[in-house]
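The values are calculated or read from the model by the stated rules, or taken from the named source; none is laboratory data. Treat the numbers as computed from the prediction; the structure is a model and nothing was measured. Don't worry about glycine lacking a Cβ; one is built from the backbone with ideal geometry, like all the others, and counts go over all protein chains shown.
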Amino acid sequence: MIHADTKTVVYRSGFIRTLINRYSPDLISRAAALFDQSIYLLVAGWILMAIAGFAVLCRYSFTPGASAIATDAGRFASLGLPHAAGLPTLLMVVHPLCPCSTASMRELAMLAADCQDQMSIDVLFVQPKGLPGSIESTELWKAAEEIPGAHLIRDANGSAAAKIGAATSGQVYLFDADNRLQFSGGITSSRGHEGLSEGRSTLEALIHHKTPLVRETPVFGGPLQEAQ
Amino acid sequence: MKLQSNLALTPSVVARADTLLREHQLSIAIRTDRLLAGLLEFEWGFGIILALWRSPLTWHGGLSSIHPHVIAAVFLGAVLLPVPILLSLVRPGESITRHSIAIAHMLMSSLLIHLGGGQIEMHFQIFGTLAFLAFSRDWRVLITATIVTGTDHVVRGLIMPESVFGVLHVSVWLTLEHVAWVTFDDIFLIGSCIRGVNEMRGIAETRAMLEQSYRDVERQVEERTSELKNAQEELMKAARTAGMAEIATSVLHNVGNVLNSVNISATIVADTLKQSEVASLTKVSDMIVEHKPDLARYLTADERGRLIPDFITDLAGCLGEEQASMLNEVQSLSKGIEHIKQIVAAQQSMAKKAHVLTRIKPFSIMETALSMQLMGQSGDIGLTKHYDELDECIIDQHKVLQVLINLLSNARQAVMARPASMRHITLTVERVEESAEERIRFRVKDNGMGIARENLARIFSHGFTTKKEGHGFGLHSSANAAAEMGGHLSVMSDGVDQGATFTLELPVLKSQEETLCKA
């Protein structure tokens, strides 16, 4: 027996009813009967589709960007970035319009709040060719300005980032007071996702002179330059 | 007699309470399903706006394209909607619908958290969603929602632990903390659902008991009304019987009076016949026959014979007087018998024609009543009649006659207290001019003992009487009869010994249909 509400919903649409009655008068009855018999299959199929959709989204979110090419103290020093003597320097390289780096910037702000006056912070804003507008008007620039003590550096055409091998927006380096590389990687657990991450935990440990579990983490962000 | 109701949980009350509870739960479930289905649509739109606001474009150096989060918000959100919305339309209130909506909401919450960049504030809506799901008051839905979230955390925790907790190596306490917060929320929400259902059950039981009580009271009211109707019918029958008895008594009384007259006349005739001079005529005849051979000498010479012609002459005169006297008495006798016949015939015709409407001139009913009441009493009560020239109208002759007989009987009894020469009754039959509706008025006015002012209000009450041998039915039944005909019976009296006037007013009926309507 076909559920009354199934037919009622269909019958409310006069256009659909006219169409169906013209071409297949008993289509409503057959469709309603089929629906009644397979409702649980329908729900199960729907759940599987949703799971598949989330799997695709998760795959995107947890696929990191290109890893940075290994760099060293010499390359870093050649950049001439401002830093405080005797303190480690944290360098973050970002694309000014990368939405995924918003989470990285928030994590940097929280890290800066936790580790005040224990490190020098430089934020290198890559300005690729063809980027619309000024980078000072972007949300990322404004968020970086909010970080106490952070030095904001414009990197025209991304040459400085390329020099030290940074490829993905959100790349973070930590150099100790002797400009030795201590950490390279990202400080978010997935694209645009703030919260606890291996990168941030590692940086906190290093700044507080503890031994971290890892020294490299994946960087979840967009490419700094166009694909070649 | 107190009306009683039984507020107890009988099996029928419990069954009805179960039905009411199911209906209530179904209505809540349907309402909640449609509310949450609509909320899903709102969240979908919100997710798209959130994605467009936070991450509209993705950049490759200087090149941009639509961010995957926008695509996910549109398409993955669209995947989550159709089944719950369809079920809310074609299967509202059913278990499969509620659980599907719960799954959709938890998945939508997960999507929104993702689109919101994992901000802690976006996680709050998980707990808000659980509270919304509790609206249906089905705690099982909360279990489904919790299972969805728990499965997501467990599966991703196994495959990609950093996706759940952000780090690869997770303390078991962190896992338990995540579980504990959801469990904490579930405990209170499930408890609230169960309490809500128990309250609904209490309401359903109370309503079922009230319905039962209402039916009990209604049944008792019907029984009492039926008893009252029966009692009223019995009372009316008794009143009618009393009225009939009064008429019968009146008939018997009048017949009795006439029989007195008949008896007297018959006695006179008998005595006259006994004492008739015919015996003397026989003696004279015998003497004539005895002296037949010398009749002429006997009649002229005999001492006794000479008396015979004068005797015969005197005898003829006496016999003539006897005849006249007896003729007179026989006529009176005949008249009385005729009157008895008329009284009995009138009563019989009225009995046959009870409740039959007839077209008749109103004054003739008064005359009939008069004949039934004052027959045999003519001459001892002065009568004045004022009869208007009225056309025939439709009247319940029996009822009107019953009332008039009663009024005339009372008037007759009232004036009996006066000396014979002062007894007077005035009868009026007239059209009532002062009302818009056409009405007839019958009035019986006497100069008898009157009615005390304090008794005027009670004169028509059942059982009230000022007569030593009265039973208080007559005027009460007369008033009822008047009311049944759409009229009314009224009385006026200036007090004791001031006489009384009884007035019967009736509407003039044009047709039998009008009669039925008025009845």
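Results, tabulated for the structure shown:
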quantity	calculated
The stretch B:453-491, residues that are hydrophobic (A, V, I, L, M, F, W, C), loosely packed, with under 15 Cβ neighbours inside 10 Å and closer than 24 Å to B:M422 by Cα	none
Residue within the stretch B:40-51 that is within 12 Å of chain A (Cβ to nearest Cβ), over 60 Å from the mean Cα position of the chain (by Cα) and more than 30 Å from B:R140 (Cα to Cα) present	yes
Pairs where the first residue, in the stretch B:267-291, is touching a residue at least 60 places away in the same chain (Cβ under 8 Å) and the second is part of a helix (DSSP H, G or I) and among the aliphatic types (A, V, I, L, M), C-beta under 6 Å, 6+ apart	B:V269/B:M326
Check on A:T188, among the β-branched types (V, I, T), within 11 Å of chain B (Cβ to nearest Cβ) and more than 16 Å from the chain's Cα centre (by Cα)	no
Pair list, Cβ under 9 Å, 6 or more apart: the stretch B:177-197 residue at negative phi, other residue surrounded by 12 or more Cβ atoms within 10 Å (Cβ to Cβ) and not in a helix (DSSP H, G or I)	B:S192/B:R137; B:C193/B:R137; B:C193/B:D138; B:I194/B:R137; B:G196/B:R137; B:V197/B:R137; B:V197/B:D138
Within the stretch A:118-143, tally of residues that are within 30 Å of A:G86 (Cα to Cα), under 17 Å from the mean Cα position of the chain (by Cα) and not aliphatic (A, V, I, L, M)	2
Residue selected from the stretch A:206-224 under the condition surrounded by 23 or more Cβ atoms within 10 Å (Cβ to Cβ) and either touching a Pro at 6+ places or on another chain (Cβ under 8 Å) or within 20 Å of A:F125 (Cβ to Cβ) (or both), by the criterion farthest from the other protein chains (Cβ to nearest Cβ)	A:V219
Residue that is nearest to B:T144 (Cα to Cα), among those in the stretch B:84-115 that are among the aliphatic types (A, V, I, L, M), facing chain A (nearest Cβ under 7 Å) and under 55 Å from the mean Cα position of the chain (by Cα)	B:I96
Unmet requirement for B:S409, which otherwise passes all of (1) surrounded by fewer than 21 Cβ atoms within 10 Å (Cβ to Cβ); (2) closer than 29 Å to B:S265 by Cβ; (3) out of contact with any strand residue (DSSP E or B) (no Cβ under 7 Å at 6 or more places or on another chain)	(1)
Subset of the stretch A:191-200 [assigned to a helix (DSSP H, G or I) and within 9 Å of another protein chain (Cβ to nearest Cβ)]	A:E198, A:R200
Out of B:A29, B:A72, sole residue that is buried (at least 21 other Cβ atoms within 10 Å of the Cβ) and more than 8 Å from every other protein chain (Cβ to nearest Cβ)	B:A29
Test for A:L203: is it more than 12 Å from every other protein chain (Cβ to nearest Cβ), of a type outside the set (F, W, Y), closer than 27 Å to A:L97 by Cα and not in a strand (DSSP E or B)	yes
Residue in the stretch B:75-83 that is at the interface with another protein chain (Cβ under 10 Å from one of its Cβ atoms), within 58 Å of the chain's Cα centre (by Cα) and either of a type outside the set (K, R) or farther than 30 Å from A:T138 by Cβ (or both) present	yes
Flag if B:E338 is at pLDDT 85 or above and among the acidic types (D, E)	no
Where a residue in the stretch A:49-66 is at pLDDT below 90 and its partner, wherever it lies, is basic (K, R), with Cβ under 6 Å and at least six apart	A:S61/A:R191
Members of the stretch A:186-205 that are surrounded by 24 or more Cβ atoms within 10 Å (Cβ to Cβ) and hydrophobic (A, V, I, L, M, F, W, C)	A:I187, A:L203
Helices (runs of 4 or more DSSP H) (entirely within the stretch B:66-164) containing at least 1 residues that are out of contact with any helix residue (DSSP H, G or I) (no Cβ under 9 Å at 6 or more places or on another chain) and without any contact (Cβ under 8 Å) to a residue 24 or more places away in the chain	B:120-133, B:139-159
Condition check for B:N455: among the polar types (S, T, N, Q), farther than 26 Å from B:Q342 by Cβ and either touching a residue at least 60 places away in the same chain (Cβ under 8 Å) or out of contact with any helix residue (DSSP H, G or I) (no Cβ under 7 Å at 6 or more places or on another chain) (or both)	yes
Condition check for A:V94: within 13 Å of another protein chain (Cβ to nearest Cβ), surrounded by 15 or more Cβ atoms within 10 Å (Cβ to Cβ) and over 23 Å from B:V70 (Cβ atoms)	no
